[in-house]
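Reviewing the structure listed below.
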Amino acid sequence: MTKAMTRRRLIKLTAAFAASSAVPHNVQAQAYPNRIIRLIAPFPAGGGTDSAARIIAAGLSELLGQQVVVDNRPGAGSNIGAEAAARAAPDGYTLLLGAPTLAINRFLYASLNYDSVADLAPVSLLCRFPNILAVPVSSPLTSVRSFIDYARANPGKLTYSSPGIGTTPHLSGELFKRMAGIELVHVPYRGAGAGAITDTIAGRVDSAINTTGSLLQTVRSGQLRGLAVTTLKRFPTAPELPTIAESGVPGFDVSSWYALFVPAKTPPEIIARLNAATVTALSDPAVKARFEPLGVVVESSTPQGLAALLRSEIDKWGPIIKAAGISASN
């Protein structure tokens, strides 16, 4: 697709979204954007969130005609970056690379200085990806069924590593325990880096639940045995792995995601323009190819679709976190 064709498509999409919003024309939105746009990534540089932010920033820069600069604001489980975005001027010049922490942190922390629903406005989903349940290759457990059977016969003896308390891999484990009727011991690590994976490979931890970006290549290289993915259906980037749902826990479904948000009260016309640009960028084969090494499936959405996803995540994880007594101070 040529740049001219891409821009024409963006203009048409923007017009369609703006028309559907039924909001009077806004002079500020007409001139948007006319300066650098900041995209806050609320996690450290070098991780999956940072990579996703830089990929979409490059795509948006080309389509919007203004540079989109990634601003890493790590800390407090992504709350520092999310709060900075929520408190920014609602003018379209501050974006947030959001993740499931926007749904989870409201239950993990005793108090927050922002509300992910009231203080942020959804723009578009960017991608989804599952977590993987894996065991050492030396483990006698070769399937989810054998894993569950052993755990039931030996309650509290199996351990699983995760990238940390309150992460979606950790909560995947808690939901797995609840739905399968088993007891596992959680071993949290600091981040999705090598520590948790190395200790699982060595057998110091019985199993690992981590993202596809962290575990898939380790599984494919034969260093770990992948038992299943956490999504309801087999995942396109790892079709060889069965799902937990098809392996004895019907209905089990967990996926992580990245998405774009802006401060609440951002003009609808600007949100429409950002949504149209995001949809166009994500349809570009070159952009999809850059996302592929992250082990994700690219998926855009309407702002309304993203709002519904965030609400469903809040409804899913609130009861799990409360029942398990999980908090950021654990």
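Quick note: the coordinates plus some simple rules give every number you see, no bench work behind them. In this text the structure is predicted, and so the values were computed from the model without any measurement. Cβ sites come from the backbone with ideal geometry, for glycine too, and all protein chains shown count toward neighbours.
Across L102, L158, L133, mean-square fluctuation computed from a Gaussian network of the chain (C-alpha pairs under 10 Å connected) peaks at L158.
What pairs in K233/K316; K177/K233; K233/K288; K177/K288 have C-alpha atoms more than 27 Å from each other? In this structure, K177/K288 exceed 27 Å between Cα atoms. Comparing S221, S116, S161 in a Gaussian network model of the chain where C-alpha atoms under 10 Å apart are linked, the largest mean-square fluctuation is found at S221.
The residues I40, I104, when put in order of fewest to most other Cβ atoms within 10 Å, stand as I40, I104. The DSSP beta bridges internal to the range 131-247 are antiparallel in roughly 55% of cases.
For the modelled label position 7 Å from the Cα of L112 along Cα-to-Cβ, which residues of the range 295-326 have backbone nitrogen atoms closer than 19 Å? Under cut-off, by backbone N: 304-326. For the range 131-247, the relative contact order works out to 37 percent when only alpha carbon pairs closer than 8 Å and six or more residues apart are counted. Model label sites at R220 and R178, defined 7 Å from Cα along the beta-carbon direction, differ in position by 3.3 nm.
Normalised by the number of residues in the chain, the mean separation of alpha-carbon contacts (under 8 Å, six or more apart) gives a relative contact order of 27 percent.
Derived from the Cα gyration tensor, the three semi-axes of the equivalent ellipsoid of the range 131-247 are 18, 16, 14 Å, largest first. Only Lys, Arg, Asp and Glu carry charge here, each on its Cβ (+1 for the first two, -1 for the last two); on that basis the range 38-148 has a dipole of about 340 debye about its Cα centre. S139 sits among other residues whose Cβ lies under 15 Å from its own Cβ, and their net charge, with Lys and Arg +1 and Asp and Glu -1, is +1. Each of R152, R225 was scored by other Cβ atoms within 10 Å of its Cβ. Listed from fewest to most, they are R152, R225. Take the chain, connect every pair of alpha-carbon atoms lying under 10 Å apart with a spring to form a Gaussian network, then pick out the residue of G173, G156, G98 with the largest mean-square fluctuation. Among G173, G156, G98, the largest GNM mean-square fluctuation belongs to G156. Against the chain, whose longest principal axis is taken from its Cα atoms, helix 3-21 shows a tilt of about 90°. Each part reduced to its alpha carbon centroid, the range 40-114 and the range 280-330 end up 13 Å apart. DSSP beta bridges fully contained in the chain are about 60 percent antiparallel. As a rough footprinting exposure proxy, the listed residues T230, T142, T266, T302 were ranked by other beta carbons within 10 Å of their own, and the order from fewest upward is T142, T302, T266, T230.
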